[in-house]
Structure formats: C-alpha cells, structure tokens
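What follows is a single structure, written as structure tokens, with notes after it.
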Amino acid sequence: MDKLLQRSNGEINIELFDNSFKKFFQSGCCKILNPNNYNDNKELVLINTAGGITCNDNIEINATIHNSELSICTQAAEKIYSGIGDPAKVDININLNNSTLYWLPKELILFDNSKLRRNININLSNNSNLIFCETTIFGRKAMSEKIKNISFSDQWKIFTNSTIKHFEAINIKGSTIDNFKNNYTFENLSSLSTILIFGDIIHQLESELSKIIKNLENHYCELTKFDDKIVIRCLADDNYDLKKTLNFIMKNIISDKLPKSWDL
C-alpha cells in the first residue's frame, strides 16, 4: 500500500507602498523577517522553515512594490534534496513601480537525484531598477557531492512595462556527466552565478563594473551590456571561490544596500 509522503507548502504575498507594508501575508513553511537597519531601503529576509525543498513541495512568492527601495535575501542557502515524486515547484512573481529592488538570495544547492521546476517573473515599470543575483551550486565539492542524475528547470523572465526584455532557462534532465565535462557549458566547474541589472542604474554602474571585472582574479567572470541591461556571468570550481567573487562585486557597487544577512 502506497503511503502519502509529507510535503511542504508555503506562500508569501506582500505589497509595499512608500517603504511601508500594505499587505504582509505568510503561510506554511514560508516566513518573512523584516530586521531593523539603518539604510534608506527596506530589508526582507525569506525563511523556509522546512529546512529545504524536495519533490512535490510547493513554494509561491508574490510581491508588489510601489515607490520603494527594497532588498530581499534569504536566511540561508536553499537546499534541493533528492526525493520521490514530481519536481518541486517554486513560483516567484514581482512587480516594481517606480521602485528599486536588490534581489540577493543565497545560493541554491542541488543534490543528486533532486527535482525542481522554478519560475521567476519580474516586471519593471515607471523608472524602476533591478539588481538581480542568483547562484546555483551543482553539488558542493568541499563535501565531495557529485551530481549524476537530476531534473532541473529554471526559467527567468524580466519585463519592462510588460514587454519582455530578458528570458533565459536552464533545463537539465537525467545524467549530467556530459554537461559538466563540456567545455562550452560547465567545463567541470560546479558553481554558477548570474547578475542582471536593469533600469537607469546601469548608466551609473557600467563603468565601475567594467573596472571591477578586470580586477578579478577569477577569469571565469565576464560582463556584457546590450539592450539596456547588464549581464554578468561567473563560474567557479567551488562555492567558496564564487562567494569571494560575488562579495567583491557587490561590496564595490552597492555596499550600503547589502542586507545584514549577506554573509559571504
């Protein structure tokens, strides 16, 4: 007789106007902290009390932000564990209106035989800015973790005034050995980070970022600017090296905006 396995469900729904909350909803395994800080921007910390994500879990995050400046991070790395069943689902939908968002979650760590389907949708309108940083770890080398089989779908869509400006996806299913060995994909590197920057803020940061990237010791980090956006890609042999790179970049461009839990 098949048993019904316990699974986690969580939802966050917030609305922020003039740096003040008009809606603050949390349920299930999803919790929000709003720590005191001395910055002009509001700070939120997302917590998954389940301690990780596995098959058939469901997480939904919705945020509407008006005339505000906000940083969103996570309390800890989000671990995607192996499991039995369908892929876990994570859906994130954010709308910005005349606002600036620093999306700075800690790393997503994938374990062997894990299954995840994640969608991130962000819409910017009316003079909004976005600094978006996402990191994915395909097995921690310090823990001798190896990814041999996985189901991972990760799709990001960034809109400006409801017109799509950026779309990218990672879709890996089954054996990953060839993907990691390929010189045109990971070249045996396990840690990947992407920084996306949108809005007028790119004109303030472009020159400084170009200097920062040139000074990085890790040569697996490159910057490109096109179609009114900046894209930075970083690859590293392990999470520790990647964290040092991200720390160097972020502290040089938004040091006064980094959340307290940005601990690298």
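Computed from the coordinates by the stated procedures, all read-outs in this text should not be read as laboratory data. Treat the numbers as computed from the prediction; the structure is a model and nothing was measured. Virtual Cβ from ideal backbone geometry, glycine too; neighbours counted across all protein chains shown.
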Can you give the Kirkwood hydrodynamic radius for region 1-73, in Å, rounded to one decimal and based on Cα pairs?
13.7
J(HN,Hα) series, region 157-166, from Karplus relation 6.51 cos²θ - 1.76 cosθ + 1.60, nearest Hz, glycine and proline x
10, 10, 10, 10, 6, 6, 9, 5, 10, 7
Given pairs Lys106/Lys146; Lys79/Lys146; Lys115/Lys244; Lys79/Lys211; Lys115/Lys148 and cut-off 24 Å on Cα-Cα distance, the over-length ones are Lys115/Lys244; Lys79/Lys211
Place a label point 7 angstrom from the Cα of Glu145 along the Cα-to-Cβ direction, then list the residues of region 107-129 whose backbone nitrogen is under 19 Å away.
107-118
Cut-off under 19 Å on the C-alpha distance; same-chain residues fewer than 8 positions from Lys22 excluded. Which lysines are left, in chain and number order?
Lys31, Lys42
How far apart, in nm, are the 7 Å Cα→Cβ label points at Asn37 and Lys157?
2.9
Between rounded, prolate and oblate, where does region 117-264 land on the alpha carbon gyration tensor, with a ≥ b ≥ c its root eigenvalues, rounded for a/c under 1.5, else prolate if a/b exceeds b/c?
oblate
Region 82-158 to region 18-78: how many Å between their Cα centroids?
14
Could you derive backbone 3J(HN,Hα) for region 197-214 from the dihedral phi with the Karplus parameters 6.51, -1.76 and 1.60 (θ = phi - 60°), listing whole Hz in sequence and x where the residue is Gly or Pro?
10, 10, x, 4, 4, 5, 5, 6, 9, 4, 5, 5, 5, 4, 5, 5, 4, 5
Packing-based order for 34-46, 163-175, using average beta carbon neighbours within 10 Å, highest first:
34-46, 163-175
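If you rank Thr49, Thr136 by fewest surrounding Cβ atoms within 10 Å, what's the result? Can you show the working numbers first?
Values: Thr49 11, Thr136 19.
In order of increasing Cβ crowding within 10 Å: Thr49, Thr136.
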Extend 7 Å from the Cα of Val231 along its Cα-to-C-beta direction; within region 116-142, residues with backbone N under 20 Å of that point are 118-124, 129-137
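Let's test the formula: R0 of 25 Å, r as the Cβ-Cβ distance of Glu217 and Asp256. What FRET efficiency results, to the nearest 0.05? Walk me through the intermediate numbers first.
Details: r = 25 Å, r/R0 = 1.00.
Result of the calculation: an efficiency of 0.50.
Please state the equivalent ellipsoid semi-axes for the chain: what are the square roots of 5 times the Cα gyration tensor eigenvalues, largest first, in whole Å? Write out the running numbers ahead of the final one.
Working: eigenvalues 156, 122, 54 Å².
Working from the Cα gyration tensor, I get semi-axes of 28, 25, 16 Å.
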Return the unpartnered cysteines for the chain, using a Cβ-Cβ cut-off of under 4.7 Å.
Cys29, Cys30, Cys55, Cys73, Cys133
If each of Gln6 and Asp86 carries a label point 7 Å out from its Cα toward its Cβ, how far apart are those two points in nm?
2.2
